[in-house]
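Chemist: This is the structure, below, for whatever I ask next.
A short reminder: the numbers here are calculations on the coordinates, not readings from a lab. It should be emphasised that the depicted structure is a prediction, and the values quoted were computed from it without experimental measurement. With ideal geometry, Cβ positions are generated from the backbone for all residues, glycine too; neighbour counts draw on all protein chains shown.
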There are 2 protein chains.
Amino acid sequence: MTIDVGAHLKAVRTMYGLSQRELAKRAGVTNGTISLIEQNRVSPSVSSLKKVLDGVPMSLAEFFTLDLQVNPQVFFSRDDLADIGDREVSLRLVAAQRPNRAMTIMHERYRPKADTGADMLSHKGEEGGIVVAGRVELTVGAQNRVLGPGDAYYFTSAVPHRFRNFGDESCEIISACTPPTF
Amino acid sequence: MTIDVGAHLKAVRTMYGLSQRELAKRAGVTNGTISLIEQNRVSPSVSSLKKVLDGVPMSLAEFFTLDLQVNPQVFFSRDDLADIGDREVSLRLVAAQRPNRAMTIMHERYRPKADTGADMLSHKGEEGGIVVAGRVELTVGAQNRVLGPGDAYYFTSAVPHRFRNFGDESCEIISACTPPTF
DNA sequence: GGGAGGTGTTTAGGATAATCGACACTCCCG
DNA sequence: CGGGAGTGTCGATTATCCTAAACACCTCCC
């Protein structure tokens, strides 16, 4: 959970092929500051860290979201996707086992009569998707609509939401959410 | 671009229904600190901001990624998706006009012979997707594979990558990337 | 009126971070 | 064997942040 600011900064800097002095010059700070931060001998203030990142340039959000590990698995056969759903709703995850993902991509299938429930889901982050086949009724806060193939949605997950398939045909959606909730 | 740390913190705190003193107690800092930060009279050090957020709890990445505005549009008809592609590659974006999105969700279509080019793309973030129809050859770094319907991929965008459709049929992919590059 | 208990704000002083300038090291070249 | 130009690291001073304790304000209740 605890983030290694120094290692992150060093990784970012070297990724850009910059020396401490070069980055310091661009950022308008001294090379000593960069050195101390990278060694975790100090914890920079947000404003000074922002100044440093402006020299790259990179936003604070990008900096803290950055994943330093490399995981080799890139391709996933349809049978490799991790299925974590139940009978009514099937959720098949891409790269489920990858640690520290920035987001989750899923292939969802709602069978006829499937319903995520009346006590509506809400969690942090944002999510969106595109309907591939079938129809689904989506309720987000006070808004409500039936989506068909090619239609899409996007909302902040903090708003309560509900998926219902009241048709006779299964509904398929490809969706993504960030940060990962699965 | 510049982030209002004070307003962010205040929004987060009130979202959780906490007073400055309550949050301070949970976080192990003083209420004065919270007050000064919220007024932007000081720029907290990363370590103290982390301590404060631990009291919520919320990660630094979530904090800086947090979108304070609310955008009402949730649903998008297939014709509402913004098409930014060319003749060979069509990219249709969900919620393209939404400011400060955490990610981009796209419906991509590669026509026969489409190729994103030999000078391979690379940018920050992570991306992944699932093939809906057709076949596509994906190269990521030194790895290479042909993906068909239901197959998926996920990788760090910093690694150079390339999409090629050398078949006779159009290939459709639904993908997501974060942070948004479109 | 006068507490008690809650809110956010302010101030003085000690703790922490940023700067400046030196230091030690490596590599390359005359 | 020296420069010279690059690297990252390290003290001593200056600037900034964090804490503790007051302050001012509000609402409720006796």
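Chemist: Suppose every Lys and Arg Cβ carries +1 and every Asp and Glu Cβ carries -1, with no other charges. What dipole size does the range A:5-65 come out with about its Cα centre, to the nearest 20 debye?
Modeler: So the dipole magnitude of the range A:5-65 works out to roughly 140 debye.
Chemist: Let me ask you something else. Out of residues 5 or more away from B:A114 or on other chains, whose amide H comes under 5 Å of its own, with H placed 1.01 Å from N in the peptide plane?
Modeler: Long-range HN contacts for B:A114: B:N165.
Chemist: Go through A:K50/B:K113; A:K51/B:K10; A:K113/B:K10 and tell me which ones have a Cα-Cα distance over 32 Å in this structure.
Modeler: Correct reply: A:K50/B:K113; A:K113/B:K10.
Chemist: How crowded by other chains is A:144-155, given as the mean number of beta carbons from other chains within 10 Å of each beta carbon? Let's see the in-between values first.
Modeler: Values: counts 2, 4, 1, 4, 2, 1, 7, 8, 15, 7, 15, 8.
Taking the mean over all residues of the peptide, I get 6.
Chemist: May I pose another question? Apply the a/c threshold of 1.5 to the C-alpha gyration tensor of the range A:1-66 and tell me whether it is rounded, prolate or oblate.
Modeler: rounded
Chemist: Per residue of A:163-176, what is the mean number of Cβ atoms on other protein chains within 10 angstrom of that residue's Cβ?
Modeler: Working: counts 0, 0, 0, 0, 0, 0, 0, 0, 0, 1, 1, 11, 4, 15.
Averaged over the peptide's residues, the number is 2.
Chemist: Please list, ordered by chain and number, the residues whose modelled amide H lies under 5 Å from the amide H of A:G134; skip anything fewer than 5 residues away on the same chain.
Modeler: Here A:E172 satisfy the definition.
Chemist: First select every other residue whose beta carbon is under 14 angstrom from the beta carbon of B:A114; then total the charges, Lys and Arg +1, Asp and Glu -1.
Modeler: -1
Chemist: Between B:D115 and the same site in the other copies, what are the distances in nm, shortest first, taking label points 7 Å from Cα along the C-beta direction?
Modeler: In ascending order, 5.3 nm.
Chemist: Moving to a separate point now. Copy-to-copy spacing for B:N144, label 7 Å out on the Cα-to-C-beta vector, in nm, shortest first?
Modeler: 5.4
Chemist: Label position 7 Å from Cα toward Cβ: report the copy-to-copy distances for B:E88 in nm, one decimal, ordered from shortest.
Modeler: Taking the point 7 Å beyond Cα along Cα→Cβ, the inter-copy spacings are 4.7 nm.
Chemist: Ignore the peptide's own chain and count Cβ atoms of other chains within 10 Å of each Cβ in B:91-97; give me the average, rounded.
Modeler: So the per-residue partner count for this stretch is 3.
Chemist: What are the ³J(HN,Hα) couplings of the range A:81-94, residue after residue, when phi is run through the Karplus curve with 6.51, -1.76, 1.60 and θ = phi - 60°? Round to Hz, x for glycine and proline.
Modeler: Result, ordered by residue: 5, 6, 9, 10, x, 10, 5, 6, 10, 9, 10, 10, 9, 8 Hz.
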